[in-house]
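Undergrad: Here it is: the structure, laid out below.
We did not get these values from a lab; they are worked out from the coordinates using the rules stated. Just so we're clear, the structure is a prediction, and the values are computed from it rather than from any experiment. Because the Cβ atoms are built from the backbone with ideal geometry, glycine has one as well, and the counts that use them run over all protein chains shown.
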Amino acid sequence: MGLKTHVAGKKDRRLTNDLLPRTPVMGTMGSLVKHARSRRGALIVSGASFLVLAGFGPTSVQRLSLLAAATMLMTALFLMSIRLSQLHGQLESMRPAETIGSQEVSADPAVTVVVAANDASSIRDALDSVRAQTSSSWECVVVDDASTDDTLHIVWRTIGRDPRFRVIRHRVRSGIPACWNTGLRVAHGAFVLFLESQDVLLKKSLEQHVERFAVSATDPTVV
């Protein structure tokens, strides 16, 4: 029997019976793409390089068996490459975030303010409102969510050399809750306040919050 292959470009999609050469052939294909039909649909099998040995078997059945085995191997390698790519993406998202700049922290700050920096147009106002607090017992952890605009540049220009600020940058975009969790893991304050880039604090916000918690700790009627 001949090896049946579909002829591209033919409206009637006739089948041809072109056999592999009878003489030994050794060659490489820069890109091998075959379509294998299964119950779940079409599976595309591709390989960067494929070695074809044909003609050593006395029958076409052996040559087809060799081709089938090679196709199965390339299928397995293709599926493995997809799985490895998926695992790589998962590992990238699990890698620890990159901490940038000074690691100095205020001695036992009462509050850690965690800012999810994801908007270049408003992040300056958010950070200025933290610096303007009447309370001095605070630290601020700014978590840049793998921004691609000027967010990180604006953050650095805003905080300058203020040691109360720390900057952490996500390697991959993970969302606001992930930014808050990152800041929470490195927080030193007794209390934690979460902000988005669009949030602005009133000047006495931290002071009043700490006072309320202090009162509620001694007076059970205060919530």
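Undergrad: Count charges around residue 118 for me, please; just the other residues with Cβ under 10 Å from its Cβ, Lys/Arg as +1, Asp/Glu as -1.
TA: Working: positive: 173; negative: 119, 144, 145, 149, 196.
Charge balance in the 10 Å sphere: -4.
Undergrad: Skipping prolines and chain starts, which residues have an amide H placed within reach, meaning under 5 Å, of the one on residue 167, given they are 5 or more residues away or on another chain?
TA: Under 5 Å from the amide H of residue 167 lie the amide H atoms of 100, 142, each far enough along the sequence or on another chain.
Undergrad: For the pair residue 157 and residue 212, how long in nm is the line joining their label points, each one 7 Å along Cα→Cβ?
TA: The modelled label-to-label distance comes out at 3.5 nm.
Undergrad: Here's another thing I want to ask about it. Mind listing the long-range amide H neighbours of residue 113? Cut-off is under 5 Å, sequence gap 5 or more, other chains count too, H placed in the peptide plane at 1.01 Å from N.
TA: Amide H neighbours of residue 113, under 5 Å, 5+ apart: 139, 140, 141, 193.
Undergrad: Please list, by residue number, every one of the chymotrypsin sites (Phe, Trp or Tyr not before Pro) in the stretch 133-205 that is coil in DSSP and has at most 12 other beta-carbon atoms within 10 Å.
TA: When the chymotrypsin sites (Phe, Trp or Tyr not before Pro) of the stretch 133-205 are filtered for loop state and at most 12 Cβ neighbours within 10 Å, nothing remains.
Undergrad: Rounded, prolate or oblate: which one fits the stretch 116-180, using the alpha carbon gyration tensor with axes a ≥ b ≥ c (rounded when a/c is under 1.5, else prolate when a/b beats b/c, else oblate)?
TA: prolate
Undergrad: Per residue of the stretch 193-203, in order, report the coupling 6.51 cos²θ - 1.76 cosθ + 1.60 (Karplus, θ = phi - 60°) as ³J(HN,Hα) in whole Hz, putting x for Gly and Pro.
TA: For the stretch 193-203, the Karplus curve yields 10, 9, 10, 9, 4, 8, 7, 10, 8, 6, 4 Hz.
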